[in-house]
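Taking it in order: structure first as structure tokens, then the write-up.
The values are calculated or read from the model by the stated rules, or taken from the named source; none is laboratory data. This structure is a prediction, so every number in the text was calculated from the model and none was measured. Cβ: placed from backbone, ideal geometry, glycine included. Neighbour counts: every protein chain shown.
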Amino acid sequence: MDLPLTCYDCGASATLAEGARCDCGEPFWPATEPSGFDWPATGDRSLWRYRDLLPDVTPTGLAAGAGGTPLVRAPRLDADVGATVHVKYEGGNPTGTFKDRGSAVGVAAAEAAGLSAVGTVSHGNMARSMAAHAASAGLDCLVLVPADIPAERLGLIARHDPTILRVEGDYGALYREALRLGRDRPVRFVNSDTPLRVAGQKTTALEVVESFAPDVPDAVVLPVSSGGHASGIWKGLRELRAAGLVDRLPRCYFVQTAACAPVADAWERGADEVTPVTAGETVAYSIANADPPSGTRVLAAARDTGGAVLAVDDDAVLDARRALSERAGLFVESACATALAGARALADRDEIGPSDDTVLVATGTGYTERDLDPPTVDAQTVGLGDLDEAIASVVA
Ligand SMILES: *Cc1c(COP(=O)(O)O)cnc(C)c1O
Ligand SMILES: [Zn+2]
């Protein structure tokens with residue numbers, strides 16, 4: 001299978017074998033033909049319910065279980081934000097993040113192409129996700145990590161037994177170099193914004209919009225790092241528009257951490273292109289890509305949907321993470337709490353209002369990260385014989 005690709009920016013076409021990026025410098029994505037697509041009647045809740053819009057491959061093992069995550073109302077956050085709040089909980093994926101959507105499609109396609117190895121460039125969730133999907137499919141997985149990766153994150157990746165190379169040098173350059181070298185080796189790199197990953201990750205948007213059909217949510221707010229997920233969401237929405245299933249698109253708001261906000265900086269400046277920055281320390285380390293390969297595409301997505309790109313600081317992120325735990329029952333990774341922090345800021349600017357159905361995309365679970373902000377635990381110890389009295393004193 002050689003997947004046809006197209007460039008969102010200049011319209012050039014190519015195939016997957018020719019590479020992941022256009023001569024104009026922008027990333028390719030699959031050339032999908034959505035006319036005639038309708039909401040599927042199938043009972044399959046996984047992302048493969050949208051197989052008519054996906055590369056024609058059959059998932060085996062873990063890949064068949066990606067997607068189909070819950071969309072929950074969070075009424076106790078409505079007043080907090082100043083919107084009608086829904087949370088798309090991507091922690092419901094097999095390895096706890098939306099990355100499984102892209103890994104599922106990428107690994108299934110590599111299997112279908114007869115390759116024996118897949119690879120990725122990541123220091124966290126994507127590496128874990130690729131290694132898990134490769135383990136299930138019986139493919140080798142080559143994970144290229146920055147040499148200074150923290151030990152506990154390396155341990156989580158190693159759990160699925162990939163081959164890990166610690167690479168010294170610039171991370172943005174490593175991303176591009178892996179794609180270049182992979183073309184001449186029997187290993188398919190499925191990096192953050194590569195066509196097959198974007199194909200899988202567009203299903204977040206398809207699921208969200210199908211949950212509201214025939215209505216359309218007013219706003220979708222999500223964290224952005226490389227811009228791969230944001231690209232997928234924009235692509236999914238464009239396909240639904242082309243299929244005639246929506247007459248308007250939700251406004252897409254993309255949130256970065258203030259410590260590393262190249263896309264938000266470009267948006268603020270009114271620039272057409274994203275340029276690399278130097279990243280600072282942040283609790284939202286999963287979204288600290290200083291040289292985002294799809295940053296410019298994210299600017300286009302924000303413009304096309306009538307949304308925006310913004311940045312929030314670490315205090316706002318930690319406060320939002322507590323609110324999601326204590327008022328929505330969802331413990332998310334710090335990086336995803338940027339969505340709630342961003343929604344609060346957008347409501348303050350009157351970009352979203354109380355009657356706006358606002359979907360926060362909680363991109364990953366908090367249970368896999370070292371807790372940088374643990375709660376103070378207030379729990380008294382009582383003897384069994386004193387239990388009745390103790391219960392009476394704590395529940396009025
Ligand atoms: C990867 C990741 C992101 C950022 O997604 P991009 O596609 O790189 O923009 C956000 N949140 C979590 C939890 C992630 O793992
Ligand atoms: Zn192009």
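Couple of notes before you dig in:
- Of all residues in the range 39-48, none are surrounded by fewer than 21 Cβ atoms within 10 Å (Cβ to Cβ), β-branched (Val, Ile, Thr) and within 16 Å of ligand 2 (Cβ to nearest atom).
- Tally, over the range 13-41, of residues that are assigned to a loop (DSSP other than H, G, I, E, B), out of contact with any strand residue (DSSP E or B) (no Cβ under 7 Å at 6 or more places or on another chain) and either more than 17 Å from residue 238 (Cβ to Cβ) or of a type in the set (S, T, N, Q) (or both): 7
- Filtered residues of the range 340-385 (kept if under 18 Å from residue 306 (Cβ atoms), assigned to a helix (DSSP H, G or I) and aliphatic (A, V, I, L, M)): 343, 345, 346, 347
- Restricted to the range 69-147, the set of strands (runs of 3 or more DSSP E) holding at least 2 residues that are over 24 Å from residue 235 (Cβ atoms) and among the β-branched types (Val, Ile, Thr) comprises 84-89, 140-146.
- Just one of the numbered conditions (1) in contact with a Lys or Arg (Cβ under 9 Å, 6 or more places away or on another chain); (2) under 28 Å from residue 50 (Cβ atoms) is not true of residue 187: (1).
- The range 193-237 - residue that is within 16 Å of ligand 2 (Cβ to nearest atom), out of contact with any strand residue (DSSP E or B) (no Cβ under 6 Å at 6 or more places or on another chain) and not in a loop (DSSP other than H, G, I, E, B) and, of those, farthest from residue 120 (Cα to Cα): 234
- Look at (1) in contact with a strand residue (DSSP E or B) (Cβ under 8 Å, 6 or more places away or on another chain); (2) at pLDDT 95 or above; (3) away from ligand 1 (no atom under 16 Å from the Cβ) and you find that residue 52 fails only one, number (1).
- Residue in the range 167-190 that is within 16 Å of ligand 1 (Cβ to nearest atom), over 20 Å from the mean Cα position of the chain (by Cα) and free of Cβ contacts under 8 Å to residues at least 60 places away in the same chain present: yes
- Qualifying residue in the range 64-82 (condition: closer than 30 Å to residue 146 by Cα and either within 16 Å of ligand 1 (Cβ to nearest atom) or crowded, with 24+ Cβ neighbours inside 10 Å (or both)): yes
- Tally of residues being over 25 Å from residue 372 (Cα atoms), aliphatic (A, V, I, L, M) and surrounded by 23 or more Cβ atoms within 10 Å (Cβ to Cβ) across the range 99-130: 8
- Residue in the range 283-300 that is more than 24 Å from residue 107 (Cα to Cα), among the aromatic types (Phe, Trp, Tyr) and touching a helix residue (DSSP H, G or I) at 6+ places or on another chain (Cβ under 8 Å) present: yes
- In the range 1-12, the residues that are away from ligand 2 (no atom under 12 Å from the Cβ), touching a residue at least 60 places away in the same chain (Cβ under 8 Å) and in contact with a strand residue (DSSP E or B) (Cβ under 8 Å, 6 or more places away or on another chain): 3
- If you check 388, 319 for being in a helix (DSSP H, G or I), farther than 21 Å from residue 87 by Cβ and not polar (S, T, N, Q), only one passes: 388.
- Taking the numbered list (1) under 18 Å from the mean Cα position of the chain (by Cα); (2) crowded, with 20+ Cβ neighbours inside 10 Å in turn, residue 59 passes all entries but (1).
- When the residues of the range 272-287 are filtered to those that are small (Gly, Ala, Ser) and crowded, with 23+ Cβ neighbours inside 10 Å, the one that is farthest from ligand 2 (Cβ to nearest atom) is 284.
- A single entry from 239, 281 fulfils the requirement of being more than 13 Å from ligand 1 (Cβ to nearest atom) and free of Cβ contacts under 8 Å to residues at least 40 places away in the same chain: 281.
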